[in-house]
Structures are given as C-alpha cells and as structure tokens.
1. Within the range 124-140, does at least one residue satisfy the condition of being modelled with pLDDT of 90 or more and among the hydroxyl-bearing types (Ser, Thr, Tyr)?
2. Only one residue in 10, 52 is under 14 Å from the mean Cα position of the chain (by Cα), touching a residue at least 24 places away in the same chain (Cβ under 8 Å) and at negative phi, so which one is that?
3. Go through (1) modelled with pLDDT under 95; (2) of a type in the set (A, V, I, L, M, F, W, C); (3) in a helix (DSSP H, G or I); (4) on the phi < 0 side of the Ramachandran plot one by one and return the number of the condition residue 15 breaks.
4. Can you tell me which residues in the range 62-97 are surrounded by fewer than 15 Cβ atoms within 10 Å (Cβ to Cβ), assigned to a helix (DSSP H, G or I), over 21 Å from the mean Cα position of the chain (by Cα) and not hydrophobic (A, V, I, L, M, F, W, C)?
5. What's the total number of residues in the range 33-52 that are assigned to a helix (DSSP H, G or I) and out of contact with any Ser or Thr (no Cβ under 9 Å at 6 or more places or on another chain)?
6. Could you list, ordered by first residue, the pairs with Cβ atoms under 8 Å in which the first is in the range 75-90 and assigned by TED's automatic domain parsing to the domain that holds residue 65 and the second is of a type in the set (Gly, Ala, Ser) and surrounded by 20 or more Cβ atoms within 10 Å (Cβ to Cβ), at least 6 apart or interchain?
7. Condition (residue is closer than 14 Å to residue 93 by Cα and hydroxyl-bearing (Ser, Thr, Tyr)) applied to the range 34-48: is it met by at least one residue?
8. Taking the options 40, 21, name whichever one is in the same structural domain as residue 96 (by TED's automatic domain parsing), touching a Lys or Arg at 6+ places or on another chain (Cβ under 6 Å) and not small (Gly, Ala, Ser).
Amino acid sequence: MSLAKNKLRVLLDKLTESEIFAIMLVVEELQQSKKKHPTFADGSLTLAASIVSEECGEMCQQVNQYVQEEGSTISNMIVEGSHTAVTAIRFIEMVDKMSEQVNTPDLMNDYKEALRVIDNMLREELDDFDILTKMKLLFNLEKRK
C-alpha cells in the first residue's frame with residue numbers, strides 16, 4: 001500500500017463522522033467530475049484557478065443567501081462547498097503533474113515530505129497538537145531553512 005493510502009487510513013481513524021461525511025462527499029463528487037470532465041481546465045493554470053474561484057464564489061453566494069434568509073439551504077451550501085473542494089483538488093493535481101514533468105522542487109514535494117513527518121509523529125502518538133497545527137508548524141520550520 002502506498003504512503004498516501006497508509007496516511008489516509010491513519011487520518012481517518014482520527015476524524016469525526018462529520019469530517020468523514022465531508023470527505024466521502026468530496027471523493028464522490030471528484031469521481032463524477034473526472035468522468036464528466038476528464039481533462040480539467042484544458043491544462044490551463046489560469047483557467048483552473050478561475051474555476052476554483054468561480055466555485056468558491058458560488059459557495060459564498062449560497063452562504064450569503066442562507067444568512068440573509070433569501071432561499072438558500074444547508075444542502076446548497078454543502079453542494080457548493082464540495083464543488084469548491086473538488087476543483088481545488090483538481091487544481092493541485094494539475095500543478096503536481098506539471099512539476100513532475102519539469103522535474104523541479106515544488107510545494108507538492110514539500111507537502112509529501114510533511115506527510116511523512118506527520119506520519120512519524122502520529123506513529124509516535126504525539127497527540128499534543130491536532131494534525132493541522134502539526135502541518136503549520138512543519139511548514140513554518142521548512143520556510144526558515
């Protein structure tokens with residue numbers, strides 16, 4: 001099993017039911033997105049970033065309509081949130097593939113290294129911080145080097 005799949009298994013054990021629901025929703029939406037649009041944003045970084053921004057804007061519209069009691073629902077906000085997450089994931093995948101093609105150091109390699117470090121932390125059961133705090137600390141340490 002790959003490092004990423006092992007990491008996911010460890011992380012899933014620490015998630016709440018609500019977080020697992022959100023991840024499952026995003027994974028299902030991601031699969032549908034890839035079937036409907038096998039090539040994301042025609043390979044254009046600018047278009048890909050614009051798509052992520054558009055989906056985020058649609059999510060914000062739903063939130064505003066909900067807060068102002070103008071007809072949006074919790075379901076609408078969840079759907080737009082999942083669309084935003086899916087397009088962000090596809091954007092990250094696109095950037096990662098591009099970096100592999102040009103063989104340059106990149107954020108994704110740093111992120112993968114961060115996951116390895118966090119995996120070691122989790123195996124040592126250092127539960128003093130939550131996972132996001134560990135990620136932030138690790139990235140801040142890396143920036144100072």
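1. no
2. Numbers: 10 fails: under 14 Å from the mean Cα position of the chain (by Cα).
From the options 10, 52, the qualifying one is 52.
3. Of the numbered conditions (1) modelled with pLDDT under 95; (2) of a type in the set (A, V, I, L, M, F, W, C); (3) in a helix (DSSP H, G or I); (4) on the phi < 0 side of the Ramachandran plot, the odd one out for residue 15 is (3).
4. 64
5. In the first step, residues of the range 33-52 are kept if they are assigned to a helix (DSSP H, G or I); the result is 33-36, 40-43, 45-52.
Remaining after also requiring out of contact with any Ser or Thr (no Cβ under 9 Å at 6 or more places or on another chain): 34-36, 42-43, 45-47, 49.
Residues flagged as assigned to a helix (DSSP H, G or I) and out of contact with any Ser or Thr (no Cβ under 9 Å at 6 or more places or on another chain) within the range 33-52 amount to 9.
6. Matching pairs, first to second residue: 87/48; 90/48.
7. The answer is yes; a qualifying residue exists.
8. Working: 21 fails: touching a Lys or Arg at 6+ places or on another chain (Cβ under 6 Å).
Only one candidate passes the filter, namely 40.
The values are calculated or read from the model by the stated rules, or taken from the named source; none is laboratory data. Since the structure is predicted, the reported quantities are computational estimates derived from the model, not experimental observations. A quick note on method: Cβ atoms are made from the backbone with ideal geometry, for glycine too, and the neighbour counts reach across all protein chains shown.
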